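> The structure follows.
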Amino acid sequence: MFRSQYDTDVTVWSPQGRLLQVEYAMEAVKQGSACLGLVGKDGVVLAALKRQPNELSGHQKKLLKIDDHLVIAVAGLNADARTLAKVMRTECLNHRYVYGAPLQGARLVQDIADKYQRCTQTYVRRPYGVGLLVACCDATGPHLYETCPSGNFSEFVAVAIGARAQSAKTYLEKHHKTFKDTPVEELCTHALQALACVEINRWVGCTRQFFNQSF
């Protein structure tokens, strides 16, 4: 990998106004296995591709339950995802203990985004190399959020992140207008079809690489 004198620490700006370590963390999200989310009439669907580090190992867990009303999908470094999931579970438990009600999803996502952002301003820490899709169904209805290692977060109707996620995004962009009135069962079908686009793209890429090496 190309190295720069400006990527030795997260607090060092490059002359172009870039924080290179934050960009490296965002690249780790793009290299993670794909996951996606869709918001429908009465719920949110998350789907993800499981990845094996090698043929003899088990699959890495991509969907993590945070609370009864909240689940996340991860793309990037799973170790970082487990750390953030632990923080999110603690926040939900504390809120339920104090107020006797589930924590609103938007508030939790904002707190986690702030935690992301603090790592981009601290000298001795590196950014979290994981992106999260946060699905929640609270008093305000179903919601889907995406977090980024830079500290940004956004709410989506449908979104896909991870390796080769562009093919899934293309599928979601073609059909997103129908999601609002679609029940959860049909959303599951759309999610599987979008993931199938990712797998087809991966096999096409592998076939091209094989022929290039052979000839």
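The values are calculated or read from the model by the stated rules, or taken from the named source; none is laboratory data. This is a predicted model, so every value here is computed, not measured. Quick reminder, even Gly has a Cβ in these numbers, built from the backbone with ideal geometry, and neighbours come from all protein chains shown. Quick note on the areas: whole protein, heavy atoms, side chains included, nothing else; ligands and nucleic acids left out. Shrake-Rupley method; radii C 1.70, N 1.55, O 1.52, S 1.80 Å.
> So in the range 145-156, with the set limited to residues that are among the hydrophobic types (A, V, I, L, M, F, W, C) and assigned to a loop (DSSP other than H, G, I, E, B), which one is most open to solvent (accessible area, probe 1.4 Å)? Let's see the steps before the verdict.
Within the range 145-156, the first condition is being among the hydrophobic types (A, V, I, L, M, F, W, C), and the residues that meet it are 148, 153, 156.
Keeping just the survivors that are assigned to a loop (DSSP other than H, G, I, E, B) gives 148, 156.
Working: 148: 25, 156: 68 Å².
That would be 156.
> Find all pairs meeting these conditions: Cβ atoms under 8 angstrom apart; at least six residues apart or on different chains; first residue within the range 1-30 and basic (Lys, Arg); second residue surrounded by 18 or more Cβ atoms within 10 Å (Cβ to Cβ) and in a helix (DSSP H, G or I).
Hits for this filter: 30/165.
> Let me ask something else. Go through (1) over 26 Å from residue 180 (Cβ atoms); (2) buried (at least 16 other Cβ atoms within 10 Å of the Cβ) for residue 49 and report which single condition fails.
With respect to (1) over 26 Å from residue 180 (Cβ atoms); (2) buried (at least 16 other Cβ atoms within 10 Å of the Cβ), residue 49 is out only on (1).
> I'm checking my understanding of the structure. Among residues of the range 157-188 that are open to solvent by 70 Å² or more (accessible area, probe 1.4 Å) and closer than 25 Å to residue 104 by Cβ, which one is modelled with the highest pLDDT? Break it down stepwise before answering.
Kept after step one, since they are open to solvent by 70 Å² or more (accessible area, probe 1.4 Å), are these residues of the range 157-188: 157, 164, 166, 169, 173-174, 176-178, 180-181, 185-186.
Remaining after also requiring closer than 25 Å to residue 104 by Cβ: 157, 176, 180-181.
Working: 157: 95, 176: 91, 180: 87, 181: 87.
The extreme case among them is 157.
> I'm checking my understanding of the structure. Among residues of the range 99-131 that are touching a residue at least 60 places away in the same chain (Cβ under 8 Å) and crowded, with 16+ Cβ neighbours inside 10 Å, which one is nearest to the chain's Cα centre (by Cα)? Explain how you work it out, then say what you get.
Of all residues in the range 99-131, those touching a residue at least 60 places away in the same chain (Cβ under 8 Å) come to 119-123, 125-131.
Those left that are additionally crowded, with 16+ Cβ neighbours inside 10 Å: 119-120, 126-131.
Numbers: 119: 18, 120: 18, 126: 18, 127: 15, 128: 12, 129: 10, 130: 7, 131: 4 Å.
Selected residue: 131.
> If only one of 61, 41 is part of a loop (DSSP other than H, G, I, E, B), touching a helix residue (DSSP H, G or I) at 6+ places or on another chain (Cβ under 6 Å), open to solvent by 80 Å² or more (accessible area, probe 1.4 Å) and modelled with pLDDT under 95, which one is it?
Numbers: 61 fails: touching a helix residue (DSSP H, G or I) at 6+ places or on another chain (Cβ under 6 Å).
Going through 61, 41 in turn, just one is part of a loop (DSSP other than H, G, I, E, B), touching a helix residue (DSSP H, G or I) at 6+ places or on another chain (Cβ under 6 Å), open to solvent by 80 Å² or more (accessible area, probe 1.4 Å) and modelled with pLDDT under 95: 41.
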